[in-house]
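Here, each number is a calculation from the coordinates, and none is a lab measurement. A quick note: this is a predicted structure, and the numbers were derived from the prediction, not measured. In this analysis, Cβ positions are derived from the backbone assuming ideal geometry, glycine residues included, and neighbour counts consider all displayed protein chains.
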Amino acid sequence: MRKAIYGAGSLGTILGAYMTAKGEDIDLINRNKAHVEALRENGATITGTVSFNQKVKVLFPEEMEGLYDIIFLMTKQQANAEVVTRLKDFLAPDGVIVTLQNGLPEPGIAEIVGEERVLGCTVAWGATMTSPGVSELTSSPDSLTFSLGAISEKKVPHMEEVKRLLELMGPVEVVPNFIGTRWSKLLINASFSGMSAVLGCTFGEAAADRRSRKVVQQLIKECIDVCAAGGIRIEPVQGKDIVKLLDYHGPVKKAISNFIIPIAIRKHARLKASMLQDIEKGKKTEVDAINGAVCAFGRKVGCPTPANDTVTDIIHRIEKGELTPSYDNLRFFE
């Protein structure tokens, strides 16, 4: 089978390095010239909670040839219509796109290639590209897990092969209620990634500060409430039932939930949101596909989302240069 990781940035470089180190022939595809040249010259250098170097096969998008059976999609969602339309021409007749993107990307991809050719995968770990060719793994080595599923009721090709490939890095759970898994990851991204971008800090720092933790808690609560209103059952994350742990309906459970938040995120405390990394590079963020997706679903089911609305607004203002990531932005939540 021919396999590729399209959009091999911080996470994709690490995933590709793990797969290649275990003997897989996989193409890493990226349009960043400096990153591609560094990977070709020095291999993929992985730092952080693990440390190794691995020679990898890397291409620019224009160097792609032939058909692929499996394409792991790891680009930002903003360009999905253009990117997926292009990738469709490189898919084998029974080829699949496996999206490891944030938010709820599967329906949009399915509109282009068909539901039966889309697999979704949530990633429970994080990474930061510290320089061309160098990716820092910011999550604990015992948290390198994946959840895999489909939105199609029909059998999607290559599910077992995709599972096998991902298991070269970490444990994989195939989840029947994949939309519930998507929402569990979206809950984490909306709360911790959202505040990381708003404040200019790591996940752990957002959880440690008493004021920002209250906002993180409100963001989590809104995600839980919109799912309850929409009939979506949020799946556990790495065996932990986040709804049971963090939902509340009274002052005592609210206090317990607030206390648990730093403990719940401790394995990912060093993680800096990809949205914050985009801001630092002067790029547009995925906030509309993360916090904005929570707001949109809240409007659909009639459930208010004031904290997520505020995060979305602040990040848009940061993108426009009106604000900067700072703890001063907490004033907008008061």
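Dipole of the range 3-176, Cα-centred, from +1 at each Lys and Arg C-beta and -1 at each Asp and Glu C-beta, to the nearest 20 debye? Write down the numbers at each step before the final one.
Values: 15 positive and 23 negative charges, 59 e Å.
Approximately 280 debye in magnitude.
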*In sequence order, what are the phi-derived ³J(HN,Hα) couplings for the range 202-217 according to the Karplus relation 6.51 cos²θ - 1.76 cosθ + 1.60 with θ = phi - 60°, rounded to whole Hz, with x for glycine and proline?*
7, 4, x, 5, 5, 7, 6, 6, 4, 5, 6, 5, 4, 6, 4, 4
*Would you be so kind as to identify which of I242, N291, A206 lies farthest towards the positive end of the dipole of the range 180-333, taking Lys and Arg as +1 and Asp and Glu as -1 on Cβ and the Cα centre as origin?*
I242
*Would you please name the GluC sites (Glu not before Pro) within the range 1-68 that are DSSP coil residues with at most 16 other C-beta atoms within 10 Å of their C-beta?*
E24, E65
*With θ set to phi - 60° and the Karplus curve 6.51 cos²θ - 1.76 cosθ + 1.60, what are the ³J(HN,Hα) couplings of the range 154-160 in order, to the nearest whole Hz, using x for Gly and Pro?*
7, 5, 9, x, 6, 4, 5
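Order of M195, M169 from fewest to most other C-beta atoms within 10 Å?
Numbers: M195 30, M169 20.
Ordered by Cβ neighbours within 10 Å, fewest first: M169, M195.
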*Does anyone have the angle between helix 33-42 and the longest principal axis of the chain? Alpha-carbon axes, 0 to 90°, nearest 10?*
60
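When the helix-only estimate is applied to the chain (DSSP H runs of n ≥ 4, each -39,500 (n - 2.57), divided by the residue count), what is the mean residue ellipticity at 222 nm, nearest 500 deg cm²/dmol?
Calculated from helices alone, the mean residue ellipticity at 222 nm is -12500 deg cm²/dmol.
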*Amide H contacts of K57 (H built 1.01 Å from N, under 5 Å, at least 5 apart or other chain)*: I26, L28
*Taking H placed 1.01 Å from N in the peptide plane, check which residues at least 5 places from M64 or on another chain put their amide H under 5 Å from its amide H.*
none
*What dipole magnitude, in Debye to the nearest 20, does the chain give about its Cα centre under +1 on Lys/Arg Cβ and -1 on Asp/Glu Cβ?*
900
*Under a 5 Å amide H to amide H cut-off, with H placed in plane at 1.01 Å, what residues pair with V174 once short-range neighbours are removed?*
L148
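What percent antiparallel are the DSSP beta bridges of the range 1-81, to the nearest 5? Don't jump to the answer; show the numbers that get you there.
Working: 3 of 13 bridges.
Approximately 25 percent, going by the DSSP bridge assignments.
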*Using unit Cβ charges (K, R positive; D, E negative) and no other charged atoms, how large, in debye to the nearest 20, is the dipole of the range 180-333 about its Cα centre?*
400
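Only bridges whose two residues both fall in the chain count here: according to DSSP, what percent of them are antiparallel, nearest 5? Kindly include the intermediate steps, with their values, before the conclusion.
Values: 13 of 38 bridges.
Rounded to the nearest five, the antiparallel share is 35 percent.
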*When all C-alpha to C-alpha distances in the chain are sorted into bins of 10 Å, what percent of pairs does each bin hold, rounded to whole numbers?*
6, 26, 36, 24, 8, 1
*asked:* In whole Hz and in residue order, list the ³J(HN,Hα) couplings for the range 175-190 that follow from phi through the Karplus curve 6.51 cos²θ - 1.76 cosθ + 1.60, θ = phi - 60°; x for Gly and Pro.
replied: 10, x, 8, 5, 5, x, 5, 4, 6, 5, 6, 5, 4, 5, 5, 4
*Taking only Cα atoms, what is the 0 to 90° angle, nearest 10, from helix 306-319's long axis to the longest principal axis of the chain?*
60
_Of K154/K284; K155/K284; K3/K55, pairs whose Cα-Cα distance is over 25 Å_ = K154/K284; K155/K284
*trypsin sites (Lys or Arg not before Pro), restricted to the range 164-245: which are DSSP loop and have at most 16 other Cβ atoms within 10 Å?*
R233
*Using alpha carbon centroids, what distance separates the range 263-322 and the range 14-40, in Å?*
29
*What number, in percent, do you get for the relative contact order of the chain if the mean sequence gap of Cα pairs under 8 Å and at least 6 apart is divided by its residue count?*
15
*Could you work out how far helix 10-21 tilts from the main Cα principal axis of the chain, as a 0 to 90 degree angle to the nearest 10?*
40
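For the range 180-333, what does the relative contact order come out to in percent, with C-alpha contacts under 8 Å and a separation of six or more? Provide the component values of the computation, followed by the final result.
On the way: 213 pairs, mean separation 52.1, N = 154.
The normalised contact order for the range 180-333 reaches 34 percent.
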